[in-house]
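The values are calculated or read from the model by the stated rules, or taken from the named source; none is laboratory data. Being a predicted model, the structure only gives us computed values, none of them experimental. Note that each Cβ is placed from the backbone with ideal geometry, even for glycine, and that neighbours are counted across all protein chains shown. Heads up: the accessible areas ignore ligands, DNA and RNA and are worked out on the full protein's heavy atoms, side chains in. Shrake-Rupley method; radii C 1.70, N 1.55, O 1.52, S 1.80 Å.
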Amino acid sequence: MASTWLDAGPARRWTAGSRRLVGALTMVACVAVSVLAAPGTTPKAAVAVLGAGAELGALMGRRFLPERWAALGPALTITTGFAIIVLAPNGLGEVPVLAGAAALATRVPAGPVRGGLVATVAVAFGVTIMAITGSPIGLLAGVGAWLTADRSVERAALQTERDRAVALLAEVEASRQARQEAAAVEERGRIAREMHDVLAHSLAGLSVQLQAVRAIAAREGAPAALTGPIDRAAELARDGVQEARAAVGALRVAPLRGVDDLGGLVGGFPGEARLRVSGRAGRLAPEAGHAVYRAVQEGLTNAARYATGSPIDVNVVWDDHEVRVAVRDQGVPAGRGPSGVRGGGTGLRGMAERIEAVGGSLTAGPAPDGTGWRIVLRVPVVAAAGRDAGAATAGTVTGGVVAAGGDGKMGA
């Protein structure tokens, strides 16, 4: 049983999870410095507790609070930061205040309320620093808090536009592929018509002429040495007509994609997507492989629409009787929203109908662990194959996960 991961997203980039980890470690380090700077045992203990509260506030704002209460987390971080500044003036309590101000600005909708809250924090921060330093220059710290919040808002707006661009790129890529396939079908049809007009008609005319020659030869009493080759030539012409018609018919049918093409599909996805293939690959009917490919394509597109910015995992598992494919996202990342790009509303239904038409089944819904959305499809195999599924995925192999996606909220 082989297991191969193909990381088809942008090359190992600085992820949001990595940034959050660094931010959390930075906060812990600042709290540790503040604890050491606090005068006396009791203030040290108080600063340690307040530092834990600052970290808790940051975590609550990112994960546990519903959207309308998300501002409470940054508010807790800001409040505890001010308290740390008062208890340990030589510490780094300024960091939780600035971090909380940056987060608060993105948790409150744009408008007078956001402006008022950020202004209040900036003024309070400047006054506090001025009181500690004993210099009016400390008021400039309030400007720093304001600029930090403003920069955070700009970055959030930029991230929103990037997410929308990723979703639109996924839509464009799907449309581009459909246009390419339509153009290929049109070109194949043109070639088929040319073959039919030139080759099939020529062979059919040759067959008629040979039959006429055979009839004349038989009427004139030609010997078998002459009629035998004529008969064989006529038979070859008839076979050629049938083969030409079969070739023309094959050209008129568009080539079908299959499970082996998933590597290219995931690799061309504009967001972060990973493909895992495990088990010994079996053989699917061409229509079944094409249905799997289209379902995964729709799952990726829908995940880009409704869980923009989330890593997407495509997991393919082969066994003796069926292939199971799952497409899963991890939900909308904290502090971000869906792209706003909407589909036609028939994605899941269309996928299910396509998979059921080839004897398979499809289920979709929230992932078992409650994070993100998952689509799972099962399609029976025609026969087991002797090659390893891992060989079907070419590219840079790295670590990975399992899958989700959905229409109206998609994962897989």
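Within the span defined as segment 189-208, one or more residues are modelled with pLDDT under 85 and within 30 Å of T301 (Cα to Cα). Residues that are surrounded by 13 or more Cβ atoms within 10 Å (Cβ to Cβ) and either of a type outside the set (V, I, T) or farther than 16 Å from T77 by Cα (or both) within segment 103-115 comprise A103, L104, A105, R107, R114, G115, listed in sequence order. Given A352, A334, A326, which one is of a type in the set (G, A, S), modelled with pLDDT of 90 or more and either open to solvent by 30 Å² or more (accessible area, probe 1.4 Å) or more than 30 Å from P74 (Cβ to Cβ) (or both)? Criteria check complete, one pass: A326.
Cβ separations smaller than 9 Å between residues 6+ apart or across chains give the following pairs from segment 149-163 residues that are under 20 Å from V113 (Cβ atoms) to residues that are at pLDDT 80 or above and open to solvent by 80 Å² or more (accessible area, probe 1.4 Å): V153/A110.
Screening L98, L92 for residues that are closer than 24 Å to V49 by Cα, open to solvent by 20 Å² or more (accessible area, probe 1.4 Å) and not in a helix (DSSP H, G or I) leaves exactly one candidate, L92.
Comparison of A217, A184 shows that the only residue that is over 25 Å from the mean Cα position of the chain (by Cα), open to solvent by less than 80 Å² (accessible area, probe 1.4 Å) and at pLDDT 75 or above is A217. Residue count for segment 116-149 under the criterion of being open to solvent by less than 30 Å² (accessible area, probe 1.4 Å) and over 21 Å from A88 (Cβ atoms): the result is 3.
Do the conditions hold for T42, that is, is it open to solvent by 40 Å² or more (accessible area, probe 1.4 Å), of a type in the set (S, T, N, Q) and within 30 Å of G331 (Cβ to Cβ)? No; evaluated as a whole, the condition is false for this residue. Checking each residue in segment 280-309 for being assigned to a strand (DSSP E or B), open to solvent by 30 Å² or more (accessible area, probe 1.4 Å) and touching a helix residue (DSSP H, G or I) at 6+ places or on another chain (Cβ under 7 Å) picks out only R280.
Only one entry of A167, A254 meets the criterion of being of a type in the set (G, A, S) and at pLDDT below 70, and that entry is A254.
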